[in-house]
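Chemist: Quick one: structure below, then a few questions.
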């Protein structure tokens, strides 16, 4: 009964709002429909509508998947500093961090689903009803940890919101346990996702022990960047209170991870370029192109330049503590990591391919549309959940506001 | 303080479990493999006796054999020379500096070949003649490694003679026109008209 | 076994309920059965027979020809091996064409299981300077040699390890096969294969009805669907009947050798004993059963 009321209340909240809110929803809906048309083509004609081919058999979709796993992981990791540095509204940080994580996990799983040739056969890789190749396949592991991570975070968020909605105290023991569990899980999902690529000796570009550490480091740049901006917005428009110092501390932590990321990348560069084995080809393709095939060079340098600017903006205390430059930095690092994960990580792994042939990949329109669809759905979900969370936590929206017909 | 401890405990447990499972899965997979190969070795027994040579007759130019149809009426001439009236269509490039027709064709019994020691040889056994110089290739050919065999890998095989592939007078292979190159992956696009569309419609 | 059946019938019941609406709108029961079909390795012989029979009917409808669909299992005491003489191959691509025909590979979008690489003699086996699209009037081209690559039938196949659904596995006779009805099309195996031996049906495969090979094997050359991965199976439909693979039969220079690695008198064993062989990317520890040698 109560849960019914919660659901109805949630729906009510979601469809209440101002002009801008509905404009935003409309925009996302239009984008979803536009993207769905592309995905429909892919479903009817097959993945031939994408530009993936035998040489580059994973591309944009898997890149997005990887990026979103990073976002999901990093969002929760912010709980640690919030806890250690006593930022105050830890419950709120947990809720918004985990909300973001839930949406990111949903989007990342959606990107796997749109990437596979037979989405309806997804159950073949599930345990019990299918034949899951556990523990051999890292993809099975990845699915397993992502799913567990999703359940944990969704439980925490729903439980916290549901309790607040019913004006009851939440189960502290349970929440503390789940939040603490979700932190190593966050490291886990990202590490396992890195291992997904790392586990392939056939692809020297990924077969480096530094891949997983670099993954984590870059995720800790992009995930907090979203929260940094989200927290500022929340602070401005709701009763959410977070001290400037806390935001600057987030930025400071991001500098550390950027530095670690740069260092790891430098180590990788050194090893590859100084030893100059044939493995250097993948890096060459990424940074300079091979022969006339320079299509990806623009992306890699764009990512590097944005990343370096962001690093400098965050490194210098003056620009770090200025909200204009801080936000520019956050946006830059977000896109830098997005390109790095979306294109610069996946494509050079496949180019040149295992037999030394070069197939130049660029995402097709169908791929872009499908990605837009997934992102729009994800944003829509995130918008709804944030709206609900704001209403319940900051505006005291509760069961008293919802009347059920008898 | 207590929470911190909890966190550490949880994390290390988690790591331990991962490491354990990974370790277990790696080690177990190896055991399985070696067993499989051993079992196979034990199980092996020869199921079929390989049947002896089933060779095609040597390929002759039309109307050229038996040689005695013409040569029976001709005086044998064992002097090394350039052939002008007959067989001038044969290009001979098979160690041509040192050898000529009658090193392999018998001068008296025209329907036979001859080995270096003078032993006569039927045309059907030409491979023995080849084998006296190309010993290694001959050995490989006998076990089916040089040349080509078709038929059954564990049973009846179809052999080809040396001369089925190599022209004994010019043994080197001629160049071949290759089959078309694979389509470039850039050009693999959605087919608008499937080739088997007709039968698709039949289905309905 | 009993629980498995229960589980399956439970699944079936649920799906029957959900799919009943679909069934009414033209989706027939056979398609549902096919959708619910289990992993081929877990099926009973009776279930396999049934499936094979249904497939033959389905193919007859589609191509208008009688098909022989077999599911012949591996022979006991056989481990297939392959040897290819790189000093002999002239790069004529006859094997590619024969393979496409024998194994019902899609003509458009084009799928070819054998890739013939042209390499420069001066560089040796150097994949990164190889050319797959060479288009000479005549082959072999001066200064070049040819290096055909297909599935290396590894003893330690990484493609099998990574498959999340156990849709691909190594048979007792060493052939790595794919269950096209179980493959979900995630293409992880393609990322894992160091030899580019796995190919994906990006679109609906098409084969002209008059060129279709009607002697098919469930795990081999039966017509595929879009969205699944396929690969060389050493012509499982032929070799389990004792025949040589199509590429061995067609090779005009006899560069391709095939046989039972466990038979001391087989051609491949003779090559291993008497010739020096190499395996491609030996450093990856895939332990191929496909050897290259210099004859």
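Chemist: Could you tell me the distance between the Cα centroids of region C:256-284 and region B:89-113, to the nearest Å?
Modeler: If we compute the Cα centre of each part, the gap is 37 Å.
Chemist: In degrees from 0 to 90, rounded to the nearest 10, what is the angle of the helix A:19-45 Cα long axis to the longest principal axis of chain A?
Modeler: Once rounded, one gets 40 degrees.
Chemist: So if R0 is 41 Å, what FRET efficiency would residue A:284 and residue A:316 give, r being the distance between their Cβ atoms, rounded to the nearest 0.05?
Modeler: Plugging the Cβ-Cβ distance into 1/(1 + (r/R0)^6) gives 0.80.
Chemist: Related question: Work out how much length residue A:238 to residue A:273 would gain on full extension: take 0.36 nm times their residue separation and subtract the Cα-Cα distance, in nm to one decimal.
Modeler: Length difference between fully extended and current span is 7.5 nm.
Chemist: Given 0.36 nm per residue, what is the gain on full extension from residue A:210 to residue A:154 after removing their alpha carbon distance, in nm?
Modeler: Working: separation 56, 0.36 × 56 = 20.16 nm, distance 3.11 nm.
Between residue A:210 and residue A:154, full extension yields 17.0 nm more.
Chemist: Only counting other Cβ atoms within 10 Å, I'd like A:19, B:119 sorted with the fewest neighbours first.
Modeler: The order, fewest Cβ neighbours first, is A:19, B:119.
Chemist: Let me check against my output: what whole-number percent is the relative contact order of region A:209-350, with C-alpha pairs under 8 Å and at least 6 apart? The partial results should precede the final answer.
Modeler: Numbers: 136 pairs, mean separation 43.3, N = 142.
Relative contact order here is 30 percent.
Chemist: Please list, by residue number, everything in region A:6-42 whose backbone N is under 17 Å from a paramagnetic label point 7 Å out along Cα→Cβ of residue A:368.
Modeler: Hits in region A:6-42 for residue A:368 at 17 Å: A:31-42.
Chemist: Label residue A:86 and residue B:125 with points 7 Å out from Cα along Cα→Cβ: what is the distance between them in nm?
Modeler: Label-label distance for residue A:86 and residue B:125, simple model: 10.5 nm.
Chemist: Can you give me the Cα centroid spacing of region A:145-183 and region A:231-257 in angstrom?
Modeler: Between the Cα centre of region A:145-183 and that of region A:231-257, the gap is 23 Å.
Chemist: Quick check: from the Cα gyration tensor, does the protein assembly as shown come out rounded (a/c under 1.5), prolate or oblate?
Modeler: prolate
Chemist: Using a 10 Å cut-off around each Cβ, can you sort C:71, B:103 from fewest to most neighbouring Cβ atoms?
Modeler: Ranked by crowding around the Cβ, least crowded first: B:103, C:71.
Chemist: On to the next question. Starting from the Cα gyration tensor of region A:6-78, multiply each eigenvalue by 5, take the square root, and state the resulting semi-axes largest first in whole Å.
Modeler: Numbers: eigenvalues 208, 87, 24 Å².
The answer is 32, 21, 11 Å, longest axis first.
Chemist: I would also like to ask the following. Measure nothing but the geometry: give the 0 to 90° angle between the long axis through the Cα atoms of C:45-63 and the longest principal axis through the Cα atoms of chain C, rounded to 10°.
Modeler: Helix C:45-63 and the main axis of chain C meet at about 80 degrees.
Chemist: Further question on the same structure: Hey, rough spin-label estimate for residue C:31 and residue A:33, points 7 angstrom out along Cα→Cβ, what's it come to in nanometres?
Modeler: Calculated label separation equals 2.7 nm.
Chemist: If you find the alpha carbon centre of region B:114-191 and of region A:344-382, how far apart are they in angstrom?
Modeler: Cα centroid of region B:114-191 versus Cα centroid of region A:344-382: 48 Å apart.
Chemist: Ignoring solvent entirely, what values of log10 I(q)/I(0) come out of the Debye formula for region A:2-401 at 0.07, 0.10 Å⁻¹ when each Cα is a single scatterer?
Modeler: At q = 0.07, 0.10 Å⁻¹ the computed log10 ratios are -0.33, -0.69.
Chemist: Testing the spin-label approximation: label points 7 Å from Cα along Cα→Cβ at residue B:74 and residue A:2. State their distance in nm.
Modeler: It works out to 11.4 nm between the two label points.
Chemist: Continuing with this model, one more query. Once every DSSP H run of n ≥ 4 in chain A is given -39500 (n - 2.57) and the sum is divided by its residues, what mean residue ellipticity at 222 nm do you get, rounded to the nearest 500 deg cm²/dmol?
Modeler: -24000 deg cm²/dmol
Chemist: Let me ask you something else. What FRET efficiency, computed as 1/(1 + (r/R0)^6) with R0 = 45 Å and r the Cβ-Cβ distance, is obtained for residue B:86 and residue C:273, rounded to the nearest 0.05?
Modeler: Values: r = 47 Å, r/R0 = 1.04.
It comes to 0.45.
Chemist: With 10 angstrom as the radius, rank A:29, A:131, C:168, A:325 by how many other C-beta atoms surround their C-beta, starting from the fewest.
Modeler: Listed from fewest to most nearby Cβ atoms, that is A:29, A:325, A:131, C:168.
Chemist: Treating the angle as unsigned and between 0 and 90°, give the value, to the nearest 10°, between the Cα long axis of helix A:297-315 and the longest Cα principal axis of chain A.
Modeler: 50
Chemist: Can you give the FRET efficiency for residue A:229 and residue A:309, using 1/(1 + (r/R0)^6), R0 = 22 Å, r = Cβ-Cβ distance, to the nearest 0.05?
Modeler: The formula returns an efficiency of 0.85 here.
Since every read-out is calculated from the coordinates, none of them should be taken as a lab result. Keep in mind it's a predicted model, so treat the numbers as computed, not measured. Cβ atoms come from the backbone with ideal geometry, glycine included; neighbour counts cover every protein chain shown.
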